[in-house]
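The values are calculated or read from the model by the stated rules, or taken from the named source; none is laboratory data. Remember, predicted model here, so these are calculated numbers, not experimental data. Neighbour counts run over all protein chains shown; Cβ positions are idealised from the backbone, glycine included.
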Amino acid sequence: MLGAFLSLMAAITFALNNATSRRGVISGTVVQALAITVPMGVPLFLILVLGFGQLTALLNLSHESIFWLSCAGIIHFVWGRYCNYRAAKAIGANLMGAASQSDILFTLALAVMVLGEKMTPMRVLGIVLVLCGPFVTMIGDLKKAKAHQDAIAAKGGFQPKYVEGYLFAFLSGTGYGVSPIFVRLALRDTDPGAALAGGLVSYLAATAVVAVLMLLPGQISHVRKVDSKATLWFVISGVTVMASQMFRYMALSIAPVSVVQPIQRLSLLLRFFFGWLINREHEVFSSKVWISTIIALVGALLLTFTTEQVTNVLPLPQSVVTFLQIQWP
């Protein structure tokens, strides 16, 4: 249950991050966003490590764990975040949501092949519902969304770039989908406190890569040109995404990847709420959000409870119990 709760908190803070980073890239650039938000994670995670007394856990990390955590930080905080920001700038946080769900396909496939995790009928159904919820919204209103955005563009507003946006939304899934496997390889059989040390290692590795990228000609001067409004939103985004990663690493340290990742899908629905609060003039909103939310919440509940918990509470026929206990592979 704790793993599911931490996963939900990661979803909430990630949804808030989507809204704030989207607001930032309206006037700022993707490179500026990356240069501000990634390095922020180092001092913030360091404060958490010291505040929760996890310095010993940091020093006790094995070389193998440090390697996997570094890989996770680079592929998630640099590659995945760059693609995510690029997609948000092109088509907005709401429209990119469906394509960005490709990450769960990478995660679940690798969780079974690399980590040896088992799939059950309840997990499969939960995953399907969590994925179908967002697609009910996205696919059903795609034409309406395009018409709405085109109407805004005709008045001089936001003009979506669909090909670029959906391409980078899909590419962000490669980074966001593979990184949980690396984190799980590094932190499984540890505790949530040790996960804070893992987050610090990942942010240090990602910051090192960003620092190298800033050495390319013209990058530092470009970052310095960011306006004050975009800077404020990028700073808020940096704090919220750090909180999201903190909850995510803690969840992955105690719960299977195949449970953590699907529950985090709720961020796709929650971003509509935060987007309405912050970016209502720069996003597309659908009347089907409540229906998709209910579908996804049912899926999340199926992922929260184990097969044993369900069969012990509900008076199910033995044939159903036998079916629910099937594991694959």
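Could you pull out the residue among Leu61, Leu48, Leu16 that is outside any helix (DSSP H, G or I) and either out of contact with any Asp or Glu (no Cβ under 7 Å at 6 or more places or on another chain) or of a type in the set (Ser, Thr, Tyr) (or both)?
Leu61
From Ile26, Ile74, which residue is modelled with pLDDT of 95 or more and within 22 Å of Val223 (Cβ to Cβ)? Walk me through how you get there before you give the answer.
Details: Ile26 fails: modelled with pLDDT of 95 or more.
Within the list Ile26, Ile74, the selection yields Ile74.
Checking the structure you have, find out if any residue of the stretch 265-274 is surrounded by fewer than 19 Cβ atoms within 10 Å (Cβ to Cβ) and either modelled with pLDDT under 90 or out of contact with any Asp or Glu (no Cβ under 8 Å at 6 or more places or on another chain) (or both). So that I can check it myself, show each step before the final result.
Let us first name the residues in the stretch 265-274 that are surrounded by fewer than 19 Cβ atoms within 10 Å (Cβ to Cβ), namely 273.
Keeping just the survivors that are either modelled with pLDDT under 90 or out of contact with any Asp or Glu (no Cβ under 8 Å at 6 or more places or on another chain) (or both) gives 273.
For the stretch 265-274, residues surrounded by fewer than 19 Cβ atoms within 10 Å (Cβ to Cβ) and either modelled with pLDDT under 90 or out of contact with any Asp or Glu (no Cβ under 8 Å at 6 or more places or on another chain) (or both): present.
Any residue at all in the stretch 198-213 that is among the aromatic types (Phe, Trp, Tyr) and at pLDDT 75 or above?
Yes; the residues of the stretch 198-213 include at least one that is among the aromatic types (Phe, Trp, Tyr) and at pLDDT 75 or above.
To keep it simple, each residue is scored yes or no on (1) more than 19 Å from Asp103 (Cα to Cα); (2) assigned to a helix (DSSP H, G or I); (3) at pLDDT 80 or above; (4) of a type in the set (Val, Ile, Thr).
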residue	(1), (2), (3), (4)
Thr231	yes, yes, yes, yes
Val239	yes, yes, yes, yes
Met242	yes, yes, yes, no
Trp290	yes, yes, no, no
